[in-house]
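Right, one structure below, let's go through it.
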Amino acid sequence: MTAIPLAPAPGSSTGSSRFDDLDRLRRLNPMYDAVIDEIDGRMIRIGDHWLADFASCNYLGFDLDPEIMDAVEPMVRAWGTHPSWSRLLGNPRPYIEIEERLTELLGAPDTLVLPTISHIHTTVIPVLAGEGTVLMDSQAHKTIYDGCSIARGRGANLVRFAANDPGALERELRQAPAHGPRLVCMDGVNSMTGNAPDLAGFARICREYDALLYVDDAHGFGVIGEQPSAENPYGLRGNSIVRHFDESYDNVVLVGGFSKSYSSLMAFLALPTQLKNYLKVAAPTYLYSGPSPTASLATVLAGLDVNEKRGDEVRADLRRKTMKVLDTVRALGLHTPNTSGLPIIELPLTNPADIDAVGEFLFARGIYVTLAAYPLVPLSQVGFRVQVTAANSDEEIERLCSVLAELCERFDMATSLEASA
Ligand SMILES: Cc1ncc(COP(=O)(O)O)c(C=O)c1O
């Protein structure tokens, strides 16, 4: 579930030394590959240590919602623990209900549900790319990169464009070969910066150059939605980036997942029905993969109910908690790339070598975060990331803020002044 994009770091190790890397990370840092013995709300116990968890992506706190938990047993009693037909061979009725409700929520032409986004990228990107051209944002998530690499292995031409730069995409599209499909792959809300791309700009260019824009909004779905305003910048209904920017789905395929905001093992594509029917026979996941477990079908449906009833209240609470952390970060003069106010707050270190000591310090103070250490990220991006969820208590948020104040007394954190220089 970690949101670390395992981008191949320049000069990073491969092959057998990767084993040494994991060994080193485990030895030096208690926040890698940790065994969590118990949870209590958003507190976690590792050995005899209780920590406030700021590393999960359960942004809406649906993993702990009693109404959603209660939905599991009746559905397991009705359908057994796991469907175990691939979707092509048999679809329990709840799948159909999920796709219909999701299509309505997203305002999309249709939706196709599959187990994970990783499955979707590795099987759908090569199908959409064919032997044409894939244009990939240079900072795209590792799972997108993997899908694009498979597409290249099957004969597509792979081109990278400068991260989050519509002008750079346009230059590449102008030079792209005329034959074959053109597929543009990028993230929605970015898992490192917490910011959304200029979706309208990218969509306009894709339409102009007859390309298909393929956007992975794993972190935006459930958090951002339609009709954002000054008082409510996240927008309503959590129906993802296309609706957030009041864009249409023309030339756009949206990919999202339930494994973050909805705390369930399931993912989706929003797409035209004709393409959905094509992928049912062309993308191996629909034909061959084991489906999501029944418990996930139940928690997705109950999550959609809770989202309709009180999702906007939950998001308001999530934003209030996130702003408390961001206000503290700003008051301390720390740099974070987050300009959106969304609950992903990356805090880079000035000296990458401090990462192990910083991890130990946070662990000892009872704060659990996502550490971005080399070689998991390039040296220039070493730091840690705080993910706020609605289920974090106010007390946990206060604790995080006071530990951050202590941390910047002891370590060289990147400052907002350095970043703007
Ligand atoms: C942007 C992005 N895409 C995809 C994934 C993987 O999603 P899934 O667990 O559904 O394969 C992640 C998870 O880290 C992610 O951050």
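The values are calculated or read from the model by the stated rules, or taken from the named source; none is laboratory data. None of the values given here were measured: they were computed from a predicted structure. Don't worry about glycine lacking a Cβ; one is built from the backbone with ideal geometry, like all the others, and counts go over all protein chains shown. Remember, those area values only see protein heavy atoms, side chains included, never the ligands or the DNA or RNA. Shrake-Rupley method; radii C 1.70, N 1.55, O 1.52, S 1.80 Å.
Annotations for the structure displayed:
- Using only side-chain charges placed at the Cβ, +1 for Lys and Arg and -1 for Asp and Glu, the dipole size of the chain relative to its Cα centre rounds to 1020 debye.
- Take the Cα radius of gyration of segment 150-281 and divide it by 2.2 N^0.38 Å, N being the number of residues; the result is 1.09.
- As a rough guide to protection, the peptides 238-244, 306-312 ranked by mean Cβ packing within 10 Å, highest first, stand as 238-244, 306-312.
- Scanning residues 5 or more positions from L114 or on other chains, those with amide H under 5 Å from its amide H are A267, F268, L269, with H placed 1.01 Å from N in the peptide plane.
- Karplus-based coupling profile of segment 26-41, in residue order and whole Hz: 5, 5, 8, 9, x, 9, 10, 6, 6, 9, 9, 7, 6, 10, 9, x, with θ = phi - 60° in 6.51 cos²θ - 1.76 cosθ + 1.60 and x standing for Gly or Pro.
- Largest to smallest in accessible area, the residues D53, D210 fall in the order D210, D53 (1.4 Å probe, all protein chains included).
- For segment 62-113, the pair-distance distribution built from all alpha carbon pairs, in bins 10 Å wide starting at 0, is 21, 39, 37, 3 percent.
- Relative contact order, percent, the chain [alpha-carbon distance under 8 Å, six or more residues apart]: 24
- Put simply, the C-alpha atoms of segment 347-412 give a gyration tensor, and the ellipsoid matching it has half-axes of 21, 14, 9 Å, longest first.
- Solvent-accessible area of the chain (1.4 angstrom probe, protein heavy atoms only): carbon and sulfur portion equals 52 percent.
- For segment 260-319, the alpha carbon convex hull comes to 108 Å³ per residue, rounded to a whole number.
- Assuming charge only on the beta carbon of Lys and Arg (+1) and of Asp and Glu (-1), the dipole of segment 366-409 about its Cα centre is about 300 debye to the nearest 20.
- The residue among V215, V252, Y234 whose Cα reaches farthest toward the positive pole of the charge dipole of segment 204-269, with charges on the beta-carbon of Lys, Arg, Asp and Glu, is Y234.
- 19 Å Cα-Cα reach of K324 towards aspartates and glutamates, excluding residues that sit fewer than 8 places from it in its own chain: D53, E231, D312, E313, E346, D394, E395, E396, E398, E406
- Lys, Arg +1 and Asp, Glu -1 on Cβ, resulting dipole of segment 237-309 about Cα centre, debye, nearest 20: 180
- For segment 100-174, convex hull volume per residue from C-alpha positions, Å³: 115
- All lysines inside 22 Å of K321 as judged from Cα atoms, apart from same-chain residues fewer than 8 positions distant: K260, K309
- MRE, 222 nm, helices only [DSSP H, n ≥ 4, -39500 (n - 2.57), over the chain, to nearest 500]: -12500 deg cm²/dmol
- Calculated SAXS-style log₁₀ I(q)/I(0) at q = 0.13, 0.14 Å⁻¹ - segment 16-144, Debye, Cα scatterers: -1.01, -1.12
- With the cut-off at under 16 Å, measuring from each backbone N in segment 47-86 to a point 7 Å along the Cα-to-Cβ line of R26 picks out 47.
- Cleavage-rule hits, chymotrypsin sites (Phe, Trp or Tyr not before Pro), segment 240-291, DSSP coil, Cβ neighbours within 10 Å at most 15: none
- Rounded to 5, the percent of DSSP beta bridges in the chain classed as antiparallel: 55
- Note: relative contact order over segment 34-147, using C-alpha pairs below 8 Å and six or more positions apart, is 11 percent.
- If you take the alpha carbon atoms of the chain and fit the smallest convex hull around them, that volume is 149 Å³ per residue.
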